[in-house]
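Accompanying notes for the structure given below.
The values are calculated or read from the model by the stated rules, or taken from the named source; none is laboratory data. Here the structure is a predicted model, which means the values were calculated and not measured. Note: ideal-geometry Cβ built from the backbone for every residue, glycine included; neighbour counts use all protein chains shown. Calculation scope for accessible area: heavy atoms of the full protein, side chains included, ligands and nucleic acids excluded. Shrake-Rupley method; radii C 1.70, N 1.55, O 1.52, S 1.80 Å.
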Amino acid sequence: GAGVSQSPSNKVTEKGKDVELRCDPISGHTALYWYRQSLGQGLEFLIYFQGNSAPDKSGLPSDRFSAERTGGSVSTLTIQRTQQEDSAVYLCASRAAVGYTFGSGTRLTVV
Amino acid sequence: SQQGEEDPQALSIQEGENATMNCSYKTSINNLQWYRQNSGRGLVHLILIRSNEREKHSGRLRVTLDTSKKSSSLLITASRAADTASYFCATDGTGANNLFFGTGTRLTVIP
């Protein structure tokens, strides 16, 4: 596609429920990143995929968070047993050489 | 933390004036990038400066980098109301898989 596509744009969920966030990167971009941005804050790195290599999961805040990337393209970030502190905008980015291209993000609200 | 710090946190100027934002970081870097974010959603890549460069221009943007002080500045000349946004610096550290983002500067340009 022309840009990085994320869905849903907004998600409201009840505490304790699981959510799945989707990212469709730019075709041909081998690197894919997930970041989290809490209200008024900078971006917090979550996870990085590069080609067929094992992902860098060093930024995932707890074992409730997981992500996968199927076929080197679409990625899904899953948050299990959501907590109110998980409320944030989740941003996905893909990269070919230098310079990241970000999606518009998913605003997650846990009530 | 490898995250950068930016100042000021917020800046309000009149249209036509110049806006200067500063970024400091902690680790050695391959490059430093500046991004713009509107309305708390997707980020747009503005400009990249490599560690062996000291100054770079792109349109009304001028970026400087001082690796001895681990700092960078972004100058927007002849500001416009449409420049109102949050601006983030991000460092691509040596040996790192991802960008580390600063806390951002919220710029308001008053028409």
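Numbers below:
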{"item": "Selection status of B:Tyr25, within 10 Å of B:Tyr87 (Cα to Cα) and either in contact with a Lys or Arg (Cβ under 9 Å, 6 or more places away or on another chain) or within 10 Å of chain A (Cβ to nearest Cβ) (or both)", "result": "no"}
{"item": "Checklist (1) at the interface with another protein chain (Cβ under 10 Å from one of its Cβ atoms); (2) over 16 Å from A:Glu20 (Cβ atoms) applied to A:Gly71, failing item", "result": "(1)"}
{"item": "Filter result for B:Gly59 (among the small types (Gly, Ala, Ser), open to solvent by 60 Å² or more (accessible area, probe 1.4 Å) and over 16 Å from B:Thr103 (Cα atoms))", "result": "yes"}
{"item": "Options B:Ile76, B:Ile29, B:Ile47; residue that is aliphatic (A, V, I, L, M) and surrounded by fewer than 20 Cβ atoms within 10 Å (Cβ to Cβ)", "result": "B:Ile47"}
{"item": "Residue in segment A:86-96 that is within 16 Å of A:Tyr33 (Cα to Cα), aliphatic (A, V, I, L, M) and open to solvent by 50 Å² or more (accessible area, probe 1.4 Å) present", "result": "yes"}
{"item": "Strands (runs of 3 or more DSSP E) enclosed by segment B:1-96 - at least 2 residues per element that are charged (D, E, K, R) and at negative phi", "result": "B:5-7, B:55-58, B:61-66"}
{"item": "Positions within segment B:28-49 being facing another protein chain (nearest Cβ under 9 Å) and among the basic types (Lys, Arg), in sequence order", "result": "B:Arg41"}
{"item": "The one condition in (1) over 18 Å from B:Gly42 (Cα atoms); (2) surrounded by fewer than 21 Cβ atoms within 10 Å (Cβ to Cβ); (3) within 14 Å of another protein chain (Cβ to nearest Cβ); (4) touching a residue at least 12 places away in the same chain (Cβ under 8 Å) that A:Arg81 fails to fulfil", "result": "(3)"}
{"item": "Residues of segment B:87-104 that turn out to be under 13 Å from the mean Cα position of the chain (by Cα), crowded, with 21+ Cβ neighbours inside 10 Å and polar (S, T, N, Q), as a count", "result": "1"}
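Conditions (1) on the phi < 0 side of the Ramachandran plot; (2) assigned to a strand (DSSP E or B); (3) without any contact (Cβ under 8 Å) to a residue 12 or more places away in the chain, marked per residue:
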position: A:Gly28; (1), (2), (3): no, no, no
position: A:Trp34; (1), (2), (3): yes, yes, no
position: A:Gln41; (1), (2), (3): yes, no, yes
position: A:Glu44; (1), (2), (3): yes, yes, no
position: A:Ile47; (1), (2), (3): yes, yes, no
position: A:Ala54; (1), (2), (3): yes, no, yes
position: A:Gly59; (1), (2), (3): yes, no, no
position: A:Ser62; (1), (2), (3): yes, no, yes
position: A:Ser66; (1), (2), (3): yes, yes, no
